[in-house]
1. Decide, for region B:33-102, between rounded, prolate and oblate: order the square roots of the alpha carbon gyration tensor eigenvalues as a ≥ b ≥ c, take rounded if a/c falls under 1.5, and otherwise choose prolate if a/b is larger than b/c, else oblate.
2. Treat every Asp and Glu Cβ in the protein assembly as shown as -1 and every Lys and Arg Cβ as +1, leave all other atoms uncharged, and give the resulting dipole magnitude about the Cα centre to the nearest 20 debye.
3. With both partners inside chain B, how many of the DSSP beta bridges are antiparallel, as a percent to the nearest 5?
4. Can you find, among B:ASN51, A:SER60, B:TYR90, the residue sitting farthest towards the positive end of the charge dipole of the protein assembly as shown, where Lys and Arg contribute +1 and Asp and Glu -1 at Cβ?
5. Quick check for me: using +1 on Lys/Arg Cβ and -1 on Asp/Glu Cβ, what's the dipole size of chain B about its Cα centre, in debye to the nearest 20?
6. In whole Å, what three semi-axes, largest first, describe the equivalent ellipsoid of the protein assembly as shown built from its Cα gyration tensor (square root of 5 times each eigenvalue)?
7. Find the relative contact order for chain A and round it to a whole percent, using C-alpha pairs within less than 8 Å whose residues are 6+ positions apart.
8. Counting only C-alpha contacts under 8 Å and six or more residues apart, can you give the relative contact order of chain B as a whole percent?
Amino acid sequence: AQSVAQPEDQVNVAEGNPLTVKCTYSVSGNPYLFWYVQYPNRGLQFLLKYITGDNLVKGSYGFEAEFNKSQTSFHLKKPSALVSDSALYFCAVSPGGYGGSQGNLIFGKGTKLSVKP
Amino acid sequence: DAGVIQSPRHEVTEMGQEVTLRCKPISGHDYLFWYRQTMMRGLELLIYFNNNVPIDDSGMPEDRFSAKMPNASFSTLKIQPSEPRDSAVYFCASSSRGRADTQYFGPGTRLTVL
């Protein structure tokens, strides 16, 4: 079965420290990979995506993610966390991706990031 | 671009009443998605359309739920009759195959069924 796993329900980081939010996937083909962020009482906002090419993808607000095909992972990272980064983060995958997209996304269950001053 | 528009933003109704949620996707997008989000179940895909045609409705909880997309710029999600367990935030999202399936979400409708 195709799936996305975010193994941590919550990640706690001190402001100024680097952060990592983990994501692994299990889909066939060459998938597109996404990260979304959800602030309280808001809809999900697109952060970044991997389609093909360079394994390191840079996105909004200083976030980046590294695609690792052998480990089927797409971890979200930021060198220096801000209190304002505190939110719910979702990893998602487009099954089939390049050449085989079905149009939908499979979302992980989300990871709550808490950045303390 | 105005983004995905949903209405109403908040809806409070009593059990047994009909509820209709509305969505206007981003112009030019050919996919439209309806999601439900609760604390217990997280984000769930209910149904999605491609070019106004339902592609997958396997996530629709039961026959009380129905969705339509009469044209490319409008979709509705209807619950009849509503029950307290339907209380959730309902999101609409749209995307275009030409942009690698990136979905853009609306602000959501917070539904409370008393």
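1. oblate
2. Using Cβ point charges on Lys, Arg, Asp and Glu, the protein assembly as shown gives about 340 debye.
3. 90 percent
4. A:SER60
5. 280 debye
6. After scaling each eigenvalue by five and taking roots: 30, 21, 15 Å.
7. 37 percent
8. Computed over chain B, the figure is 37 percent.
Values in this text are rule-based calculations from the coordinates and carry no lab data. These numbers were taken from a predicted model, which means no experiment stands behind them. We place every Cβ from the backbone using ideal geometry, glycine too, and count neighbours over all the protein chains shown.
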